[in-house]
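A short worksheet on the structure shown next.
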Amino acid sequence: VQLQASGGGLVQAGGSLRLSCVASGRAFSNYAMGWFRQAPGKEREFVAAISRGGTSTYYNDSVKGRFIISRDNAKNTVLLQTNTLKPEDTAVYYCAAGSYYTGGRLESHYDYWGQGTQVTVSS
């Protein structure tokens, strides 16, 4: 499956962005989906994940209550609504697809990765 992430940009602290990831290839609904991010000089970290049917969601504590992950299997799309953004949310955001684990928080839980989209939050 190929993943294409978009929606990043420059936003002031307190603002919002909606990140989108469109999948092509094999049946999208067969994959659990996740979002990760990597800030400069830091390791990639888990942000949020969603089950195949979209009924279960999982979040890093640092974004819980501010970010919302959702998916539309008819459109092969997973979204990450990011609200009340903080400068520490600045990172490249990646979407990922996994065929085995649900709610995986490790990079190894995912088989396919998108190219990333830059989110920059100014103070």
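Report yes if residue 34 is assigned to a loop (DSSP other than H, G, I, E, B), among the small types (Gly, Ala, Ser) and either free of Cβ contacts under 8 Å to residues at least 24 places away in the same chain or surrounded by 15 or more Cβ atoms within 10 Å (Cβ to Cβ) (or both), otherwise no.
On the way: assigned to a loop (DSSP other than H, G, I, E, B): no; among the small types (Gly, Ala, Ser): yes; either free of Cβ contacts under 8 Å to residues at least 24 places away in the same chain or surrounded by 15 or more Cβ atoms within 10 Å (Cβ to Cβ) (or both): yes.
Spelling it out, it is not the case that residue 34 is assigned to a loop (DSSP other than H, G, I, E, B), among the small types (Gly, Ala, Ser) and either free of Cβ contacts under 8 Å to residues at least 24 places away in the same chain or surrounded by 15 or more Cβ atoms within 10 Å (Cβ to Cβ) (or both).
Could you list, in sequence order, the residues of segment 24-68 that are farther than 16 Å from residue 110 by Cβ, in contact with a strand residue (DSSP E or B) (Cβ under 8 Å, 6 or more places away or on another chain) and of a type in the set (A, V, I, L, M, F, W, C)?
39, 63, 67, 68
Please give the number of the condition residue 84 fails out of (1) within 11 Å of the chain's Cα centre (by Cα); (2) among the hydroxyl-bearing types (Ser, Thr, Tyr); (3) open to solvent by 30 Å² or more (accessible area, probe 1.4 Å); (4) under 18 Å from residue 9 (Cβ atoms).
Among (1) within 11 Å of the chain's Cα centre (by Cα); (2) among the hydroxyl-bearing types (Ser, Thr, Tyr); (3) open to solvent by 30 Å² or more (accessible area, probe 1.4 Å); (4) under 18 Å from residue 9 (Cβ atoms), the lone unmet condition for residue 84 is (1).
Please determine, by comparing only the residues of segment 76-104 that are part of a loop (DSSP other than H, G, I, E, B) and at pLDDT 95 or above, which one is nearest to residue 28 (Cα to Cα).
First pass over segment 76-104, keeping only residues part of a loop (DSSP other than H, G, I, E, B): 76, 83-86, 90, 99-104.
Checking which are at pLDDT 95 or above leaves us with 76, 83-86, 90.
Values: 76: 6, 83: 26, 84: 30, 85: 29, 86: 31, 90: 28 Å.
Out of the qualifying residues, it is 76.
Check residue 79 against each of (1) under 18 Å from residue 43 (Cα atoms); (2) under 12 Å from the mean Cα position of the chain (by Cα) and name the one condition it does not meet.
Status for residue 79: all satisfied but (1).
The values are calculated or read from the model by the stated rules, or taken from the named source; none is laboratory data. Values in this document were obtained by computation on a predicted structure and should not be read as measured data. Note that we place each Cβ from the backbone using ideal geometry, even for glycine, and neighbour counts take in every protein chain shown. Accessible surface is based on the protein model in full, side chains and every heavy atom, while ligands, DNA and RNA are left aside. Shrake-Rupley method; radii C 1.70, N 1.55, O 1.52, S 1.80 Å.
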